[in-house]
Amino acid sequence: MNIATRLEEVLQDPDDRIILRSEQRSFSRSEFEQLTRQAADGLGAAGTTTDEIVEIHTDDHVEAVILMVSVLRAGGGFCVVPPTYPTARVEQIRRRTRPVAVVRSVADAVELRDGTTRALPSRRPDQLAYVIFTSGSTGEPKAVEITDRGLANLATQPGIYPGEVIAHTAALQFDACIYEILGGLLNGMTIQVVELDDLLDRSRVRHALHAVDTLFVTTAVFNLLADRSPEVFDDLQLVLFGGERVSPRHVRNVLPRCRVIHVYGPTETTVFATSYEIGDVLPGEDVPIGRAMQNMCTHVLDETGDPVNGADPGELVVGGPGLMRGYRDEPDITERSMITLHGAPHYRTGDLVTSAEGAMTFIGRRDRQVKVKGYRIDLAEIERVATDFVCINGRRSTATAVTDKGIVRLFISGCSDLSALRHHLREVLPSYTVPVVTPVGAIPLTRNGKTDTGALLEFAREMTPGQERARELFAALVPTGTPSSTFLDLGGDSLSAMNAVWQLDDQGVVVDMGDLLTRPLEEVLSNVA
C-alpha cells in the first residue's frame, strides 16, 4: 500500500459519507477532503516536504485528525504535542523534532496558504510518517520515527478493521491513536471520536459508542468496562485491548458478546506486533499476546542472545516492516536497542515472555524485576498473589505494585479485609517481598489509559491513618467504582452509611453524613483528616 495513493482513493470516493464525527461536529467525505487539501496547501507553503516535521500542538481530537491527514497529504511527517505539556518538555521535543511549522488548529494551517495550488506530492515507503515520544525503560524521552512502510503494514493487517465505524478514544500522544485514526481511515472507516470520560461513565458509555463497530482500549479500561458495563460490548463487532497484564476473569465477561483480540506492541513496532484472538476457552491463567502479526516476526531469546528452550522465559525481539526507522538523532541508542537476526534488524523489547505451541504469553518487563535491599523481586508476582486472594470470594480487584525509595508498595482496590490480605501475603510471599498495602477506591489512570504510578505514590505518601481506616471500612461495604461514583451509586444505602459514620466516629475519624450520600466517595475519603 502506498499511503499517498490510498489516501486519495479514500478521499476521492464518490460516496459522500461521514468520514469523521464527534458529539459536536461531523465531516462528510467531500468536506474532509476539501479541508485537508487546503491545510496541505498551507503546510506546503510553509516548507513541509519529505522528512520534515509539522508539530500539531493541540489536544482537540477532531482538529488533530484533520491535521494528521493534511500533513501526510503535504508530504511531511507529524508529531502531536499536547498544549498541556510543561514548557520545558515542549522545548525539549522541539529541539529534537525541529518542526518546519507549529499549527494549533486547522485554521492555522489553512492561513499559511500563499495563493499557489500545489500538486500533492508522492510518498515513499521509507519516508517519515510521524514521530512519537516514548519514555522507554530508561525514563529518557526518545523520539521514535515511524515510516510509511510501518503505517502501511498496520493498515493492511487482516481482521482488525471490521464494520464501518471505528472509535477514536486514545490520547493523541499514545500510538494507539494511529491505529484508530489512520488505520481506520485507510480502511475506509468512519472515525468516531469518543472521550475517555464518557467511556468510563456507566451512564454515558453506551450512547458514546452508539454505531461503533470496532473499539481499542487499554487493558485497564477493558477491565473496568468488563466489570461495570459489559453490556456495551453487545453492540460491537470487535474489541481489541492491550498494554498491561490482563486476567481471564475480565475476558470471560466479554467473550460471549463480541470478538475479542488481545494485542501487543511497543511504539517502536508501529502500534501492534502480535495478536491473539480469544475463543470460547482460555488456555490458562494468563491471556497470551499470541503470535506475530502478518509480515512481522518474533523470537524469544535468553540473556546470551540464544533462543530459549521450551517454555522458559526470555526476552521478546520483533522484526518486520513495522519496525521504527530509529530514535531521532540518537544513533547510539538506536543501535543498542536493535539486534540482527537472520540478516535483518529486530527490536529488543525488554519484555519477558514464555511461548507454548507458538503462542506467547507476556510475563512482565525486565525492569519490573527489581532489586530491593539486595533481593530480586518480581512485582507482577505480588500483584497476582494479592488479586487471586481478593477475587476468590467474587470481589472485583485491581492491584499495582511499585517500589518507592527501597519500599515495596502494593495498591489494591476492592479488598474488604486488609488484615486478612496482609496475613495472606506474609504466608505466601518471602519476607523480603511482602509489600506495604494501601487500599484505593480505584487505580488511577493516565491520559493514555494506563496505570498512573506517580499518582499512586503521591497518594500513599499523603494518606493519613484516618483515611486508611475509612477506606478499609468502605471497601468492605461497596465495590470499586469510578472517581465520580457516590456511595449510593455503588449500591450503598442510608442505613449502612449511618453505621459506617458511627463506626469511624468511635475511632476518632470524622465523615460528614451529607457528603457521603451526595458527593463522590473518592472525594469524601480523600478529605478525611
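For this structure, a couple of remarks:
- Qualifying position, being closer than 27 Å to A211 by Cβ and surrounded by fewer than 16 Cβ atoms within 10 Å (Cβ to Cβ), among E63, E8, E33, E91: E8
- Extreme residue, surrounded by the most Cβ atoms within 10 Å (Cβ to Cβ), among residues of the range 73-84 that are of a type outside the set (G, A, S) and closer than 17 Å to V144 by Cβ: F78
Condition check ((1) touching a residue at least 40 places away in the same chain (Cβ under 8 Å); (2) assigned to a helix (DSSP H, G or I)) across all residues:
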| residue | (1), (2) |
| --- | --- |
| I19 | yes, no |
| F27 | no, no |
| E31 | no, yes |
| T36 | no, yes |
| T50 | yes, no |
| T58 | yes, no |
| E91 | no, yes |
| R96 | yes, yes |
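- Residue check for I392: under 30 Å from F241 (Cβ atoms) and surrounded by fewer than 16 Cβ atoms within 10 Å (Cβ to Cβ): yes
- Subset of the range 315-355 (residues that are at pLDDT below 95, among the charged types (D, E, K, R) and crowded, with 20+ Cβ neighbours inside 10 Å): D351
- Of all residues in the range 389-415, those satisfying the criterion of being of a type in the set (G, A, S) and either out of contact with any Leu (no Cβ under 8 Å at 6 or more places or on another chain) or farther than 19 Å from D227 by Cβ (or both) are G394, S397, A401, G406, S413, G414.
- For the range 478-529, the set of residues classified as of a type in the set (F, W, Y) and either in the same structural domain as L199 (by TED's automatic domain parsing) or more than 33 Å from the chain's Cα centre (by Cα) (or both) consists of W502 only.
- For the range 455-500, the set of residues classified as surrounded by fewer than 17 Cβ atoms within 10 Å (Cβ to Cβ), assigned to a helix (DSSP H, G or I) and modelled with pLDDT of 80 or more consists of A455, E458, L495, S496, M498, N499, listed by residue number.
To keep it simple, each residue is scored yes or no on (1) outside any loop (DSSP other than H, G, I, E, B); (2) under 28 Å from S337 (Cα atoms); (3) of a type outside the set (F, W, Y); (4) touching a residue at least 12 places away in the same chain (Cβ under 8 Å).
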| site | (1), (2), (3), (4) |
| --- | --- |
| V217 | yes, yes, yes, yes |
| A220 | yes, yes, yes, yes |
| L224 | yes, no, yes, yes |
| D227 | yes, no, yes, yes |
| V232 | yes, no, yes, yes |
| F241 | yes, yes, no, yes |
| R245 | no, yes, yes, yes |
| H250 | yes, no, yes, yes |
| V263 | yes, yes, yes, yes |
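- Extreme residue, surrounded by the fewest Cβ atoms within 10 Å (Cβ to Cβ), among residues of the range 284-314 that are part of a loop (DSSP other than H, G, I, E, B) and hydrophobic (A, V, I, L, M, F, W, C): A311
The values are calculated or read from the model by the stated rules, or taken from the named source; none is laboratory data. Please read these numbers as outputs of a predicted model, since none were measured by experiment. No Cβ is skipped: glycine too gets one built from the backbone with ideal geometry, and neighbour counts run over all protein chains shown.
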